[in-house]
1. Considering just Cα atoms, how many Å³ per residue does the convex hull of region 235-283 enclose?
2. Working from Cα positions, state the angle (0 to 90°, nearest 10) between the long axis of helix 310-319 and the longest principal axis of the chain.
3. Less than 18 Å from a label point 7 Å out along the Cα-to-Cβ axis of Arg384: which backbone N atoms in region 400-436 qualify, by residue?
4. Express the relative contact order of the chain as a whole percentage, based on alpha carbon pairs under 8 Å and six or more residues apart in sequence.
5. Bin width 10 Å, alpha-carbon pairs only: give the P(r) of the chain as whole percents, running from 0 to the bin holding the largest distance.
6. Label Leu37 and Thr452 with points 7 Å out from Cα along Cα→Cβ: what is the distance between them in nm?
7. Please give the per residue volume of the convex hull enclosing the alpha carbon atoms of region 97-163, rounded to a whole number of Å³.
8. For Ser268 and Ala29 in one chain, what is 0.36 nm times their gap in residues minus the Cα-Cα distance, to one decimal in nm?
Amino acid sequence: HDNSNIVTSLQFYNNKSISKHRKKHIQSADIDAAVKLLLKLKVDYKQMTGQDYKAGCPPSENSVVPDNGPTADGADDEDTVNPWSVSTTNAKGVDYDKLIVRFGSSKVDKELVDRIERVSGQKPHRFLRRGIFFSHRDMHQVLDAYEKHKSFYLYTGRGPSSEAMHVGHLIPFIFTKWLQDVFDIPLVIQLTDDEKYLWKDLTLEDCHRFAVENAKDIIACGFDINKTFIFSDLDYMGSLPEFYRNVVKIQKHVTFNQVKGIFGFTDSDCIGKISFPAIQAAPSFSNSFPQIFGGRHDIQCLIPCAIDQDPYFRMTRDVAPRIGYPKPALLHSTFFPALQGAQTKMSASDANSSIFLTDTPKQIKNKVNKHAFSGGKDTVEEHRKYGGNADVDVSFMYLTFFLEDDEKLEKIRQDYTSGALLTGELKKLLIETLQPMIAGHQERRKQVTDDTVKQFMTPRPLNFNI
Ligand code: TRP
């Protein structure tokens, strides 16, 4: 905006030697324009930050930008990333580097991965080595504190929208389990049955039942019962006053405009949705769990999650200092691609796009062979001659998530790219990786009794030193 004319006019208007008549003239024209411009700038400000403009208060570092629309330069208008939808037109998947810029987070670079290795004394998880947890907020601060013997706790969650969990749902849990082991820290897992009731056409009873069922799959990932608390919002919100007190504090410090800006809520969304973000924010503060942390509110929280959940935590980080709590740190993962291709993530509501945790070895084999999008050529001759494209090949992508051996993975990539490895052979390697992994999960899930679930979900002290 070119305001120089208006500024000059305002200065002119302030000059006392100008006649009243002349001032009146200026007032009617230029001042009107100036006021209009200021009002428009205020509206723009509110739209971009979700907050009312206040003179002398620049937006905070984490002040939110609407994440479900294109940025001003229109550069990434093909990628949609928000808690309810993920899509791109690019077969390689979402452009994650652009997302880092758009969301204002930081890249998990080699320096950070090396540092995690040094501080934890463990080889970094393959999700870190391969850029699957690719973005973060404040990880260096967490590690600085940890090195000074100031520990932290983990918080992650799941929205129980059905009984059917797929392999993509395991990504944050597999990684969180690794973090719990290498840092030896407590973990809270939120099951947002309330959220799914508000967003989907489901009964409260169903959502709660899915929460308990999903807890079994989560427990089967191997979490330490002495260091892990899993809770259903529907149960816990009502039973622990401290949790609800934090929800209310957050609700008081976030405006409708802010959540509209962050989540795109409209006037016709029910008020439950509008206030829900406060409930997902509350576990980021340690005094929401008095049975674990006593009355302490100052224990640092680290949240591993898929990047689509970031809007919730941008909001959380924005309110934290205003209610006297530390901001949670974050580690963000990429999405787990659908079988049909990386343009969308795997979705439980589309059976053909997903490998479920209940699938039999035969179902796994059929789904991979039939539906996994291939970067190979149409005929064997062409494939041998020109090679395949691993960057868009879903079977190869899945192997980067689940095949532990770096050298083997690199050899597969080279052979596929050169044409030495055929699509059918690549799929076979994936099938052979998935079948034992899922059978193992089913075996561990079978061991999880109702009593075990009850223990994990009972508010109680956990075993840790912070
Ligand atoms: N909203 C998430 C979902 O629908 C569930 C969730 C709650 C969550 N708290 C979280 C996910 C913390 C990651 C981290 O799946």
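1. It comes to 73 Å³ per residue, whole-number rounded.
2. Once rounded, one gets 50 degrees.
3. Those under the cut-off are 415-426.
4. Across the chain, relative contact order equals 18 percent.
5. Computed distribution, short to long bins: 4, 18, 27, 24, 13, 7, 4, 2, 1, 0.
6. Reported label-point gap for Leu37 and Thr452 is 6.8 nm.
7. 137 Å³
8. Computed gain between Ser268 and Ala29 is 82.1 nm.
Here, each number is a calculation from the coordinates, and none is a lab measurement. Because the structure is a prediction, the values reported are computed rather than measured. Note: ideal-geometry Cβ built from the backbone for every residue, glycine included; neighbour counts use all protein chains shown.
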